[in-house]
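The values are calculated or read from the model by the stated rules, or taken from the named source; none is laboratory data. Since we're looking at a predicted model, the values are computed, not measured. Neighbour counts run over all protein chains shown; Cβ positions are idealised from the backbone, glycine included. The area values use the complete protein model at the heavy-atom level, side chains included, leaving out ligands, DNA and RNA. Shrake-Rupley method; radii C 1.70, N 1.55, O 1.52, S 1.80 Å.
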Amino acid sequence: MKNKKYIFITVLGVLLIIFGGYSVKHFELTETLEIISYLAIGLGSGLFGSGVGSLIKEFSTLKNPEVAKSIRIEENDERNIAIAQEAKSRAFTLMNFLYGGVFLTFILMKVELKYLLVMISLYGIVNIYAVIVANNLRKKM
């Protein structure tokens, strides 16, 4: 069942790449449609890579049940989960500082206000979400 999902993701990625590449190459597009075509290429590339990687993992574990068992143990090991959570936490903290620098740089470059407001609102949404999740976790634990 999982293989069908990964095959679907891979095929969808290939179709998006073909769609985006064909439309950029063979049609006279407006700026917006050209951006959408390049987004389709990028999204398709990500889906294709993810699908192929998952298929390779699935097929390699089908032939070797010991490897599948060791992968399951590694993924569910409490120490590895704690390490992954700590890494995500530190990456989030770094992202907050980097976004502050990017905002300052964009302000000094005199980027249009509408672009700054979009970035700042996304930054705010992410941080509000982090506070909500932290509060929910404090209530549970």
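Details
- Nearest-20 debye value, the chain charge dipole, Cβ charges on Lys, Arg, Asp, Glu: 500 debye
- 3J(HN,Hα) along region 17-26, derived from phi through the Karplus expression 6.51 cos²θ - 1.76 cosθ + 1.60 where θ = phi - 60°, amounts to 4, 5, 4, x, x, 5, 5, 5, 6, 10 Hz, with x in place of Gly and Pro.
- Using a Förster distance of 30 Å, the FRET efficiency for I56-Q85 (Cβ separation, nearest 0.05): 0.70
- Our helix-only sum for the chain, with -39,500 (n - 2.57) per DSSP H run of n ≥ 4 divided by its residues, gives a mean residue ellipticity at 222 nm of -32500 deg cm²/dmol.
- Region 11-141 - accessible surface per residue (Å², probe 1.4 Å): 80 Å²
- Positive dipole terminus of the chain, leading residue within Y99, I36, I83 (C-beta point charges): I83
- Length gained on full extension, N76 to I36: 10.5 nm, using 0.36 nm per residue less the C-alpha separation.
- With the convex hull drawn around the C-alpha atoms of region 4-45, the volume per residue stands at 46 Å³.
- With the Kirkwood sum run over all distinct C-alpha pairs, region 11-86 has a hydrodynamic radius of 15.1 Å.
- Carbon + sulfur, % of accessible area of the chain - ligands and nucleic acids excluded, 1.4 Å: 69 percent
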